[in-house]
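Enquirer: First the structure, then my questions, so here it is.
The values are calculated or read from the model by the stated rules, or taken from the named source; none is laboratory data. Given the structure is predicted, the values throughout are model-derived calculations rather than measurements. A quick note on method: Cβ atoms are made from the backbone with ideal geometry, for glycine too, and the neighbour counts reach across all protein chains shown. Keep in mind that these areas ignore ligands, DNA and RNA; they rest on the heavy atoms of the full protein, side chains included. Shrake-Rupley method; radii C 1.70, N 1.55, O 1.52, S 1.80 Å.
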Amino acid sequence: MKTALILNGPNLNLLGTREPHVYGAQTLDDVQALCERACMANGFAMDFRQTNHEGTLVDWLHEAGRLHTAGTLAGVILNAGAYTHTSVALHDAIKGTGITLIELHISNVHAREAFRHHSYISPAAKAVMAGFGVNGYALAVAGLAGMLDTK
Ligand code: CA2
């Protein structure tokens with residue numbers, strides 16, 4: 001069974017505590033439980049993580065590259081939070097790994113402030129998902145499974 005690695009960046013640990021009109025009322029623990037169900041339904045093992053540190057995300061993407069090489073990784077679902085809009089380091093970490101990576105946002109970043117319209121992740125991602133609320137995570141897991149089926 002291959003692993004879906006679900007990575008969450010800065011401030012996503014605050015989900016459900018503030019800004020429910022933007023991000024909904026569910027907590028990150030709720031999102032993890034939702035992802036667990038989605039991964040089980042799609043035949044994936046799950047590894048779900050959150051960090052507030054850019055370098056830790058870079059390290060985890062390198063780890064994903066090694067798992068991909070070893071043949072044990074289904075793919076990565078990445079909500080890089082605000083680093084989406086700032087991080088050349090994350091772009092560089094993804095590029096060249098060969099991993100299937102889905103960029104995910106809970107909110108529709110294109111309907112928000114202009115500084116959220118640019119992503120350093122998108123050019124290195126296989127797919128981009130935004131605006132489905134936290135249910136987007138389950139949709140991304142299903143999308144990842146569909147991508148692997150069609151290979
Ligand atoms: O819509 C998304 O998922 C974002 O990646 C979330 C980021 C934001 O910087 C991106 O532009 C879009 C922010 C995550 C912070 O989440 C919070 C949740 C509750 C309370 C405060 C922050």
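The rows are residues; the columns are (1) of a type in the set (A, V, I, L, M); (2) farther than 16 Å from ALA138 by Cα; (3) within 16 Å of the ligand (Cβ to nearest atom); (4) buried (at least 17 other Cβ atoms within 10 Å of the Cβ).
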residue: THR3; (1), (2), (3), (4): no, no, no, yes
residue: ASN11; (1), (2), (3), (4): no, yes, yes, no
residue: GLY16; (1), (2), (3), (4): no, yes, yes, yes
residue: GLU19; (1), (2), (3), (4): no, yes, yes, no
residue: TYR23; (1), (2), (3), (4): no, no, yes, yes
residue: ASP29; (1), (2), (3), (4): no, no, yes, no
residue: ASN42; (1), (2), (3), (4): no, no, no, yes
residue: ALA45; (1), (2), (3), (4): yes, no, no, no
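Enquirer: When you look at THR69, is it open to solvent by 60 Å² or more (accessible area, probe 1.4 Å) and of a type in the set (Ser, Thr, Tyr), yes or no? So that I can check it myself, show each step before the final result.
Expert: Values: open to solvent by 60 Å² or more (accessible area, probe 1.4 Å): yes; of a type in the set (Ser, Thr, Tyr): yes.
Yes; evaluated as a whole, the condition is true for this residue.
Enquirer: So if I check each of ASN108, ASN52, ASN79, which one is within 12 Å of the ligand (Cβ to nearest atom), open to solvent by 30 Å² or more (accessible area, probe 1.4 Å) and in contact with a strand residue (DSSP E or B) (Cβ under 6 Å, 6 or more places away or on another chain)?
Expert: Numbers: ASN52 fails: in contact with a strand residue (DSSP E or B) (Cβ under 6 Å, 6 or more places away or on another chain); ASN79 fails: open to solvent by 30 Å² or more (accessible area, probe 1.4 Å).
One residue alone meets the criteria, ASN108.
Enquirer: Any idea which of (1) within 16 Å of the ligand (Cβ to nearest atom); (2) open to solvent by 30 Å² or more (accessible area, probe 1.4 Å); (3) modelled with pLDDT of 95 or more is the one LEU57 doesn't satisfy?
Expert: (2) is the only condition that LEU57 fails.
Enquirer: Let me ask something else. On the basis of being open to solvent by less than 70 Å² (accessible area, probe 1.4 Å), within 27 Å of GLN26 (Cα to Cα) and among the charged types (D, E, K, R), does GLU103 make the cut? Give the derivation first.
Expert: Details: open to solvent by less than 70 Å² (accessible area, probe 1.4 Å): yes; within 27 Å of GLN26 (Cα to Cα): yes; among the charged types (D, E, K, R): yes.
Yes: the conditions hold for GLU103.
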